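The values are calculated or read from the model by the stated rules, or taken from the named source; none is laboratory data. The shown structure was predicted, so the numbers you read here are calculated from the model rather than taken from an experiment. Methodologically, a virtual Cβ is constructed for each residue, glycine included, from the backbone with ideal geometry; neighbour enumeration extends over all protein chains shown. Heads up: the accessible areas ignore ligands, DNA and RNA and are worked out on the full protein's heavy atoms, side chains in. Shrake-Rupley method; radii C 1.70, N 1.55, O 1.52, S 1.80 Å.
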Amino acid sequence: RIPAALAVIFSGIKSSATIAATAAIVAEFVGANQGLGYVLLKGTSTLDIELTFAVLVVLTLIGIVINYVVEFSEWLMTPWQRSGGP
């Protein structure tokens, strides 16, 4: 049953990883004095556009890396779902 459910499990992991990363940034907005969320909040409050966009680029890259890690893990763990052609 587990191998048959892996596609749905990885779909949930992809969604939850995105939500978890967003929740971590929002948590840093509320109660942190360091971290990317704090730097983003500091940059927006001082109207430092370069800093704000730099943090957004870093956060985007982190999200892309997390997504690719989950997709690669899914690819490794579900060889029967790979397409036969290139």
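Under 1.5 on a/c is rounded, so check that first for the stretch 25-75, then, if it is not, pick prolate when a/b is larger than b/c and oblate when it is not; a ≥ b ≥ c are the square roots of the alpha carbon gyration tensor eigenvalues. Because a/c hits 1.5 or more and a/b fails to exceed b/c, the stretch 25-75 counts as oblate. In this Cβ point-charge picture (+1 for Lys and Arg, -1 for Asp and Glu), the chain has a dipole of about 340 debye about its Cα centre.
Accessible surface for Leu36 stands near 60 Å², nearest 10, in the context of the full protein assembly shown (1.4 Å probe).
In the chain, what percent of the accessible surface is made up of carbon and sulfur (1.4 Å probe, ligands and nucleic acids excluded)?
Numbers: 4440 of 6280 Å².
Heavy-atom surface of the chain belonging to carbon and sulfur, 1.4 Å probe: 71 percent.
Ile2 contributes an accessible area of around 110 Å² to the protein surface, as traced by a 1.4 Å probe with all chains present. With every protein chain left in place and a probe of 1.4 Å, what is the accessible surface of Phe29, to the nearest 10 Å²? Phe29 has an accessible surface of roughly 80 Å² with all protein chains in place. Each residue of the stretch 27-35 was assigned a 3J(HN,Hα) from its phi angle through the Karplus expression (A = 6.51, B = -1.76, C = 1.60, θ = phi - 60°), giving 5, 5, 4, 7, x, 10, 10, 7, x Hz with x at Gly and Pro.
Helices in the chain, meaning DSSP H runs of at least 4 residues, each add -39500 (n - 2.57). Divided by all residues, the mean residue ellipticity at 222 nm is -28000 deg cm²/dmol.
As a length-normalised measure over Cα pairs under 8 Å and 6 or more apart, the relative contact order of the chain settles at 33 percent. Residues in the chain average 73 Å² of solvent-accessible surface per residue, probe 1.4 Å, ligands and nucleic acids excluded. For percent of Cα pairs over 22 Å apart, computed directly from the structure shown, the correct entry in [x] 43; [y] 17; [z] 27 is [x].
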